[in-house]
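Student: Dropping a structure here in structure tokens format, bear with me for questions.
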Amino acid sequence: MLITLSGLDGAGKSTLVRGLRARLNAHGRAVTVLHLNDDVGVYAALRALRNVLRGPARPASPPGRARNRLRDALVWSKTLRRLLYPVDLVVFALVRLAVERLGGRVLIMDRYFYDTLVDVTNGRPGLWLRILERVTPAPDLAVLVDVRPETCLGRKPEYPIEYLEHRRRHYQALFPRVPSGVTLGNDDLPTTQAALERLVLERLEARA
């Protein structure tokens, strides 16, 4: 079973994931939790390779401003991320095969490809993005953790409010088209946690 959580930074996704994993473990379910940006795809593989080559005894020296700008331009390039998207889908398919099919585990994704689609949309979802949206594997349960930007800003003051409002609009436009997509508010964590756990257990029972 594949469960994904998407939403703004500061929406509470990681907290919900930790609670859900504990609940599923208590029900005797083996669970694997992965973060899309850290554990899946080309960028994640390059970071892992960099860490292996660097070695534990050789901490990296702080890069200069020019290198920082170049790195950020590559990492956050929307064009590059669109081009790498199909490659990441293939990588994810192999990961999912290993975790779900061969390992018999529930796979929970903290962020999913829907977050990437929001990142690269530019407010104009053209043909290429529609194609990417269609070829993205539909999870058994895709959850949008929808929280007001002001709340997210209070939890993680990393981005301006205008940016958060912009992204929230794109999440709200995308998720009605997501198969198995569910939107949960997270103004009250225990209530949201209970609702999420109920949804997941219902889907597990339906699959059984």
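The values are calculated or read from the model by the stated rules, or taken from the named source; none is laboratory data. Please read these numbers as outputs of a predicted model, since none were measured by experiment. Cβ coordinates were reconstructed from backbone atoms using ideal geometry, including for glycine residues, and neighbour counts include every protein chain displayed.
Student: Can you pull out the residues in the stretch 96-112 that are part of a helix (DSSP H, G or I) and touching a Leu at 6+ places or on another chain (Cβ under 7 Å)? Working first, answer last.
Tutor: To start, the set of residues in the stretch 96-112 that are part of a helix (DSSP H, G or I) comprises 96-102.
Passing the criteria: Arg96, Val99, Glu100.
Student: Name, by its number, the condition in (1) under 23 Å from His27 (Cβ atoms); (2) within 19 Å of the chain's Cα centre (by Cα) that does not hold for Leu129.
Tutor: Of the numbered conditions (1) under 23 Å from His27 (Cβ atoms); (2) within 19 Å of the chain's Cα centre (by Cα), the odd one out for Leu129 is (1).
Student: Please determine, by comparing only the residues of the stretch 170-208 that are without any contact (Cβ under 8 Å) to a residue 60 or more places away in the chain and basic (Lys, Arg), which one is nearest to Arg130 (Cα to Cα).
Tutor: Arg177
Student: Residues in the stretch 2-14: is at least one assigned to a helix (DSSP H, G or I), surrounded by fewer than 20 Cβ atoms within 10 Å (Cβ to Cβ) and under 13 Å from the mean Cα position of the chain (by Cα)?
Tutor: Within the stretch 2-14, one or more residues are assigned to a helix (DSSP H, G or I), surrounded by fewer than 20 Cβ atoms within 10 Å (Cβ to Cβ) and under 13 Å from the mean Cα position of the chain (by Cα).
Student: When you look at Arg167, is it in contact (Cβ under 8 Å) with a residue 60 or more places away in the chain, over 24 Å from Glu202 (Cβ atoms) and surrounded by 12 or more Cβ atoms within 10 Å (Cβ to Cβ), yes or no?
Tutor: yes
Student: Mind listing just one residue for me: the one in the stretch 128-164 that is in a helix (DSSP H, G or I) and aromatic (Phe, Trp, Tyr) and, of those, farthest from Ala206 (Cα to Cα)?
Tutor: Top of the filtered list is Tyr163.
Student: Just to confirm my filter: which helices (runs of 4 or more DSSP H) fall fully inside the stretch 27-93 and include at least 3 residues that are surrounded by 15 or more Cβ atoms within 10 Å (Cβ to Cβ) and either in contact with a Leu (Cβ under 7 Å, 6 or more places away or on another chain) or at pLDDT below 90 (or both)? I'd like the intermediate steps shown before the answer.
Tutor: Working: elements: 36-39, 42-54, 65-75.
Where helices (runs of 4 or more DSSP H) fall fully within the stretch 27-93 and carry at least 3 residues being surrounded by 15 or more Cβ atoms within 10 Å (Cβ to Cβ) and either in contact with a Leu (Cβ under 7 Å, 6 or more places away or on another chain) or at pLDDT below 90 (or both), they are 42-54.
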